[in-house]
Amino acid sequence: MANISIKLDLLKFIGKETTMQGRNGPVQGIFLPYEPNHIYVGTKGRYLDLTAVELKQQREGSKDTHFIKPDLKKEVRDQMTEDERNAVPIVGNAIYWGNSSATPAPAPAKPTYSPELPEPDGFDSDLPFWYGS
């Protein structure tokens with residue numbers, strides 16, 4: 001299986017870059033609302049469907065082989081005008097690194113973070129989750 005490098009520009013999504021007070025000082029982040037960014041809210045996660053479209057012609061001096069756009073549901077696309085469909089932003093790029101004969105890696109372990117975990121003692125932050133040491 002080949003390796004693919006993907007880079008997303010989160011500022012291309014509808015959202016707000018902000019700084020909040022964390023336990024150990026200011027913490028910068030980006031707030032991305034679900035609906036305008038077409039993020040699917042499921043019972044086990046929040047999902048953003050993306051499509052990598054192969055470039056018809058590679059730009060000189062660039063290794064990029066694909067551009068990445070949000071993959072909108074058919075019913076959403078059907079309700080959009082042609083100008084609205086053309087205005088869906090390119091949110092990133094990808095580089096296809098060719099074929100590889102490596103064996104597939106085992107599935108990654110599930111993260112241990114859980115929003116249900118109790119906050120550490122002395123937790124004082126504007127963030128809606130625990131962050132910091």
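Just wondering, is there one or more residues in the range 72-87 that are in a strand (DSSP E or B) and closer than 25 Å to Gly15 by Cβ? No, every residue in the range 72-87 fails to be in a strand (DSSP E or B) and closer than 25 Å to Gly15 by Cβ.
Does Lys7 qualify as being farther than 26 Å from Asp126 by Cβ and surrounded by fewer than 10 Cβ atoms within 10 Å (Cβ to Cβ)? Give the derivation first.
Values: farther than 26 Å from Asp126 by Cβ: yes; surrounded by fewer than 10 Cβ atoms within 10 Å (Cβ to Cβ): no.
For Lys7, the condition - farther than 26 Å from Asp126 by Cβ and surrounded by fewer than 10 Cβ atoms within 10 Å (Cβ to Cβ) - is not met.
Out of curiosity, is Pro115 in a loop (DSSP other than H, G, I, E, B), modelled with pLDDT under 90 and either on the phi > 0 side of the Ramachandran plot or under 23 Å from the mean Cα position of the chain (by Cα) (or both)? Full working, then the answer.
Numbers: in a loop (DSSP other than H, G, I, E, B): yes; modelled with pLDDT under 90: yes; either on the phi > 0 side of the Ramachandran plot or under 23 Å from the mean Cα position of the chain (by Cα) (or both): yes.
Yes: the conditions hold for Pro115.
Which residue is farthest from Leu55 (Cα to Cα), if the candidates are limited to the range 89-111 and must be at pLDDT 90 or above and hydrophobic (A, V, I, L, M, F, W, C)? Selected residue: Val91.
The values are calculated or read from the model by the stated rules, or taken from the named source; none is laboratory data. Note that the coordinates shown come from a computational prediction; the quantities given were computed from them, not determined experimentally. In this analysis, Cβ positions are derived from the backbone assuming ideal geometry, glycine residues included, and neighbour counts consider all displayed protein chains.
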